[in-house]
């Protein structure tokens, strides 16, 4: 994890480097672990931003988890055969 005195940008870069080695399914599982939590810190924001950016770098369509340019953590997601993220509606 990042040094508590590191800048937000370096924290984001650390997460981005970590996620680079993940496959798409590992990234989806990492996202799903964040679903439902209402806690928010800058570290969590950097983690989620790097996670979503890594999905995009791997040519995954992330439109299903974006709303008004924000990331929606309400529902778990899965990847379809066309490399699109889909939300699993729980209710």
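The values are calculated or read from the model by the stated rules, or taken from the named source; none is laboratory data. Every value quoted in this text rests on a predicted model; they were computed, and no experiment measured them. Ideal geometry is used to build each Cβ from the backbone, glycine not excepted, and the neighbour counts take in all protein chains shown.
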Looking only at the range 6-25, and only at residues there that are exposed (fewer than 11 other Cβ atoms within 10 Å of the Cβ) and modelled with pLDDT of 90 or more, the one that is farthest from residue 62 (Cα to Cα): 21
Options 91, 3, 29: the member that is surrounded by fewer than 16 Cβ atoms within 10 Å (Cβ to Cβ), at negative phi and modelled with pLDDT of 90 or more: 29
With respect to residue 85, determine if the residue is in a strand (DSSP E or B) and surrounded by 10 or more Cβ atoms within 10 Å (Cβ to Cβ). yes
In the range 52-71, which residue that is under 12 Å from the mean Cα position of the chain (by Cα) and part of a strand (DSSP E or B) is surrounded by the most Cβ atoms within 10 Å (Cβ to Cβ)? 71
Please identify the pairs in which a residue from the range 53-72 that is under 12 Å from residue 87 (Cβ atoms) has its Cβ atom under 6 Å from the Cβ atom of a residue that is in a loop (DSSP other than H, G, I, E, B) and modelled with pLDDT of 90 or more, counting only partners at least 6 apart or on another chain. 65/72
Members of the range 72-82 that are out of contact with any strand residue (DSSP E or B) (no Cβ under 8 Å at 6 or more places or on another chain) and either in a strand (DSSP E or B) or surrounded by 14 or more Cβ atoms within 10 Å (Cβ to Cβ) (or both): 73
